[in-house]
1. Let me confirm something: among 122, 108, 150, 96, which residue is outside any helix (DSSP H, G or I), more than 10 Å from the ligand (Cβ to nearest atom), surrounded by fewer than 24 Cβ atoms within 10 Å (Cβ to Cβ) and of a type outside the set (Val, Ile, Thr)?
2. Any chance region 176-198 includes a residue that's closer than 26 Å to residue 235 by Cβ, in contact (Cβ under 8 Å) with a residue 12 or more places away in the chain, assigned to a loop (DSSP other than H, G, I, E, B) and touching a His at 6+ places or on another chain (Cβ under 8 Å)?
3. For residue 158, state whether it is in a loop (DSSP other than H, G, I, E, B), surrounded by fewer than 20 Cβ atoms within 10 Å (Cβ to Cβ) and either at pLDDT below 95 or in contact with a strand residue (DSSP E or B) (Cβ under 8 Å, 6 or more places away or on another chain) (or both).
4. Looking at (1) assigned to a loop (DSSP other than H, G, I, E, B); (2) surrounded by 15 or more Cβ atoms within 10 Å (Cβ to Cβ), which one does residue 213 not meet, given that it meets all the others?
5. Answer yes or no as to whether residue 165 is buried (at least 16 other Cβ atoms within 10 Å of the Cβ), aliphatic (A, V, I, L, M) and either within 12 Å of the ligand (Cβ to nearest atom) or within 20 Å of residue 96 (Cα to Cα) (or both).
6. Which ones in region 222-251 are modelled with pLDDT under 95 and assigned to a loop (DSSP other than H, G, I, E, B)?
7. For region 202-242, enumerate the residues that are of a type in the set (Val, Ile, Thr), out of contact with any helix residue (DSSP H, G or I) (no Cβ under 7 Å at 6 or more places or on another chain) and within 20 Å of residue 175 (Cβ to Cβ).
Amino acid sequence: MGADGSRPTDSRTEMREAGIGPIGSGAAGAADGREALAIGPIGSGVAGAADGREAPTIGVLALQGGFAAHARMLHRLGAGVVEVRVPADLQALDGLVIPGGESTTMTLGIEREGLAEPIRRLAQAGTPILGSCAGLIMLDREHLGAMDILAARNAFGRQLRSFEADIEVRGLDGPPLRGIFIRAPWIAEHGDTVEILAEVDGHPVAARQGDIIAVAFHSELSDDDRVHRLLLAAVDRRREHSRAAGAGAGG
Ligand code: GLN
């Protein structure tokens with residue numbers, strides 16, 4: 001514990017290892033995460049076990065950046081995880097996570113693999129998506145255009161490249177959430193249909209537009225899984241909805 005109550009930099013170290021930096025630097029951070037990663041739905045998922053339903057399958061964009069920690073957290077919450085590297089990996093997903101990393105590198109990877117259009121289609125079809133940090137940037141008007149927001153990169157400035165802050169996030173029960181910000185963006189502009197969920201120093205750092213959720217911090221690097229639960233709750237609602245619609249159509 002630091003004098004200000006902040007935690008030591010273990011999470012940042014993990015983030016650095018997990019790929020803030022050039023492609024390939026993710027390997028160190030991903031190594032242990034990959035081992036724990038079941039590809040495809042896991043039948044034993046807690047989400048599905050209680051009521052006999054299958055666990056949801058969540059894709060985690062794994063071109064670059066901190067995808068392994070997201071995958072671990074989703075697994076802990078009972079979801080099946082698919083690492084997304086090519087368009088075919090997007091088939092049959094119930095939700096998608098776009099992790100933090102480096103948005104320029106991620107953009108190049110998305111273009112190289114032809115992932116932009118299929119991800120846009122997922123968003124348009126209403127598939128719940130969570131973007132964190134660089135993932136928030138990827139969702140904005142100038143990148144995938146999945147959300148009516150404009151991100152300001154590295155918005156907190158060089159002096160404050162990385163910090164932690166307790167933030168109130170609308171829609172989350174319980175105490176404030178410890179947000180881990182690493183060269184984080186903030187939301188500089190947003191349209192009317194975007195709901196701002198949290199702010200730091202008056203700048204929006206979390207928002208949702210329908211079932212697309214963007215956070216400027218690294219929700220995957222703390223033990224607090226409430227942001228991922230928001231995503232999975234949206235996924236559950238949507239599956240419930242399509243099941244009801246399917247039952248209606250069939251009967
Ligand atoms: N600063 C990075 C960018 O602009 C984002 C950092 C992160 O994802 N932690 O792409």
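The values are calculated or read from the model by the stated rules, or taken from the named source; none is laboratory data. This one's a predicted model, so the numbers in the text were calculated from it and none came from an experiment. Cβ sites come from the backbone with ideal geometry, for glycine too, and all protein chains shown count toward neighbours.
1. On the way: 122 fails: outside any helix (DSSP H, G or I); 108 fails: outside any helix (DSSP H, G or I); 96 fails: surrounded by fewer than 24 Cβ atoms within 10 Å (Cβ to Cβ).
Within the list 122, 108, 150, 96, the selection yields 150.
2. The answer is no, given that none of the residues of region 176-198 is closer than 26 Å to residue 235 by Cβ, in contact (Cβ under 8 Å) with a residue 12 or more places away in the chain, assigned to a loop (DSSP other than H, G, I, E, B) and touching a His at 6+ places or on another chain (Cβ under 8 Å).
3. Details: in a loop (DSSP other than H, G, I, E, B): yes; surrounded by fewer than 20 Cβ atoms within 10 Å (Cβ to Cβ): yes; either at pLDDT below 95 or in contact with a strand residue (DSSP E or B) (Cβ under 8 Å, 6 or more places away or on another chain) (or both): yes.
Yes, satisfied.
4. Going through the list (1) assigned to a loop (DSSP other than H, G, I, E, B); (2) surrounded by 15 or more Cβ atoms within 10 Å (Cβ to Cβ), residue 213 breaks only (1).
5. Values: buried (at least 16 other Cβ atoms within 10 Å of the Cβ): yes; aliphatic (A, V, I, L, M): yes; either within 12 Å of the ligand (Cβ to nearest atom) or within 20 Å of residue 96 (Cα to Cα) (or both): no.
Here the answer is no, as residue 165 does not meet what is asked.
6. Of everything in region 222-251, those that are modelled with pLDDT under 95 and assigned to a loop (DSSP other than H, G, I, E, B) turn out to be 222, 223, 251.
7. Narrowing region 202-242 to residues of a type in the set (Val, Ile, Thr): 205, 212-213, 215, 227, 235.
Subset that is out of contact with any helix residue (DSSP H, G or I) (no Cβ under 7 Å at 6 or more places or on another chain): 205, 227, 235.
Within region 202-242, 205, 227 meet the criteria.
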